[in-house]
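All of the numbers you see were taken from the coordinates with simple rules; none came from a lab. Nothing here was measured: the structure is a model prediction, and the numbers come from that model. We place every Cβ from the backbone using ideal geometry, glycine too, and count neighbours over all the protein chains shown.
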Amino acid sequence: MSDEIPSNLGPFVDELNALQLEARTSDEAISLVKPIVERWTHNPDWLDPSYRKALTDEDDHVIYIGPDGHLMILIVTWKANQTSVIHDHNTWAVIGVIQGVEKNQLWQRVDDCSNPNTAELIPGRTVTLHPHDVIAMEPDAIHCVSSCDPSGIDAVSFHIYGRDLRNTGRHKYDHKTHKVEPMLNLDT
Ligand SMILES: [Fe+2]
């Protein structure tokens with residue numbers, strides 16, 4: 001993981017910070033952040049070749065974390081054919097693809113949530129994102145991600161979260177064993 005921040009992403013961080021997102025509901029935050037992410041993913045001129053190579057050499061790049069932990073901006077690289085675990089975020093999320101293809105499999109929880117260690121999940125809708133596509137997720141969303149560009153290009157995407165993912169109390173899920181476990185890392 002790298003904390004390298006390309007200087008030309010400063011305006012992107014400033015735009016998001018100016019929204020005072022910590023005072024917004026999830027719906028408000030998503031409606032404000034989504035058009036900004038759409039604009040920046042549509043014009044990735046800031047992504048110079050050397051930084052693009054650095055992105056594909058590592059998994060996650062922390063671009064910004066608000067001083068109060070209320071905003072997290074990552075650039076995430078998924079290697080070709082890499083798949084994430086099933087997880088939630090416990091905060092709102094806006095994700096915009098810069099290169100490659102990301103398939104989002106959403107899951108629905110169908111148990112009564114009475115046992116914190118187990119969950120019964122069924123597959124929900126699938127959303128395949130190409131460059132310039134953006135998806136937003138409410139705090140209770142559960143999903144997994146596959147990098148699936150047919151020509152084998154790594155997927156690179158903006159990930160904007162309402163809070164630092166390491167402190168949201170989120171979870172990872174096994175839909176076969178029904179096991180639920182805490183998820184403390186930045187896997188997205
Ligand atoms: Fe995620």
In degrees rounded to 10, the 0-90 angle between helix 26-42 Cα long axis and the longest Cα principal axis of the chain is 40
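With +1 assigned to the C-beta of every Lys and Arg and -1 to the C-beta of every Asp and Glu, and no other charges, what is the dipole magnitude of the chain about the Cα centre in debye, to the nearest 20? Numbers along the way, then the final one.
Details: 15 positive and 29 negative charges, 78 e Å.
That gives the chain a dipole magnitude of about 380 debye.
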Quick one: length gained pulling Lys179 to Asn115 fully straight, 0.36 nm per residue minus the C-alpha distance? 22.0 nm
With a 23 Å threshold on alpha-carbon distance, the violating pairs from Lys34/Lys172; Lys34/Lys176; Lys79/Lys172 are Lys34/Lys172; Lys34/Lys176
Using the 10 angstrom Cβ neighbour count as an exposure proxy, how do Ser31, Ser147 rank, fewest first? Ser31, Ser147
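Give, in nm to one decimal, the length gained when the segment between Val127 and Glu15 is fully stretched (0.36 nm per residue of separation minus the Cα-Cα distance).
That works out to 37.6 nm of additional length.
What's the local net charge at Val101, with K and R +1, D and E -1, over the other residues with C-beta under 13 Å away? Kindly include the intermediate steps, with their values, before the conclusion.
On the way: positive: Lys79, Lys103; negative: Glu102, Asp133, Asp149, Asp154.
With Lys, Arg at +1 and Asp, Glu at -1, the net is -2.
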Most exposed first by the Cβ proxy, i.e. fewest other Cβ within 10 Å, how do Ser84, Ser157, Ser151 rank? Ser151, Ser84, Ser157
For the stretch 132-179, I need the span (max minus min coordinate) of the C-alpha atoms along each principal axis, in Å, sorted largest to smallest. 35, 29, 17
Fewest to most Cβ atoms within 10 Å: Thr83, Thr25, Thr41 sort as Thr25, Thr83, Thr41
In whole percent, what relative contact order does the stretch 7-182 give with Cα contacts below 8 Å and a gap of six or more residues? 29
Between beta-carbons, use under 12 Å as the cut-off and find the net charge around Arg166, counting Lys and Arg +1, Asp and Glu -1. -1
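If exposed means no more than 14 neighbouring beta carbons inside 10 Å and the site is in a DSSP loop, what's the longest run of the chain without any exposed trypsin sites (Lys or Arg not before Pro)? All intermediate terms of the calculation are to be shown ahead of the outcome.
Details: sites that count: Lys79, Lys176.
It works out to 80-175.
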Which residue, Trp92, Ser31, Ala141, has the largest displacement toward the positive end of the dipole of the chain when charges sit on each Cβ (Lys, Arg +1; Asp, Glu -1)? Ala141
Gain in span if fully extended, Arg39 to Lys103, counting 0.36 nm per residue against the direct Cα distance: 21.0 nm
Computed over the stretch 7-182, Cα set: Rg, Dmax in Å: 16.1, 49
